[in-house]
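The values are calculated or read from the model by the stated rules, or taken from the named source; none is laboratory data. Just so you know, these numbers come straight off a predicted model, no measurement behind them. Glycine also receives a Cβ, built like all others from the backbone with ideal geometry; neighbour counts cover every protein chain displayed.
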Amino acid sequence: MIKNYIDASNFEDTGFSYTLSLISGKYKMIILYCLMEFEIVRYNELKRYIRTISHKTLSNALKELEKDKLILRNEYPQIPPKVEYSLTDKGRSLMQILDQLCIWGEQNKK
C-alpha cells in the first residue's frame, strides 16, 4: 500500500509527505473537521469549539491552512470586523480521509 510510494531516500517527495505537511500539527485536522461539520465558521466560534487552543495558535493554523488553499477566509468590511472561514474544494477533498480516521478511531478505541 504505502510502501509502493515510499523510497526511503526521497520520502519528502512523496504524496504522503505532502499530505502530512498540510495537516500536521495539533489542531489543523480539528479545524478542518469543524469546518466540515459546521460549513461556515467565524473565528470566535472556532475558538469556542476548540477550547484548548490559544488565539496565537489558532491564528497561525488558520493562516497556514489558507496559504495551503485548504480553507477560504472571507472578511467583511464592517465594524466590528467579521471574518468567516470555510473549506475550499481542495479542503473538502480531504474530508473522506478525515472520516476514515474517525471510523478507525471509533472501531479501535477502548
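A few comments on the model shown:
- Of residues in the range 22-56 being loosely packed, with under 12 Cβ neighbours inside 10 Å and not charged (D, E, K, R), the one nearest to PRO80 (Cα to Cα): ASN44
- Search result, residues across the range 62-81 that are of a type in the set (Lys, Arg), out of contact with any helix residue (DSSP H, G or I) (no Cβ under 9 Å at 6 or more places or on another chain) and farther than 16 Å from ILE30 by Cα: LYS67
- Just so you know, in the range 48-82 the residues that are closer than 18 Å to GLU37 by Cα and β-branched (Val, Ile, Thr) include one that is modelled with the lowest pLDDT, and it is ILE50.
- For the range 82-110, the candidate set comprises residues that are farther than 15 Å from LYS28 by Cα and either basic (Lys, Arg) or assigned to a strand (DSSP E or B) (or both); within that set, the residue that is nearest to the chain's Cα centre (by Cα) is GLU84.
- Close pairs from the range 65-92: first over 17 Å from ILE23 (Cα atoms), partner exposed (fewer than 14 other Cβ atoms within 10 Å of the Cβ) and among the aromatic types (Phe, Trp, Tyr), Cβ under 7 Å, at least 6 apart: LYS82/TYR76
- ARG42 being modelled with pLDDT of 90 or more and more than 16 Å from the chain's Cα centre (by Cα): no
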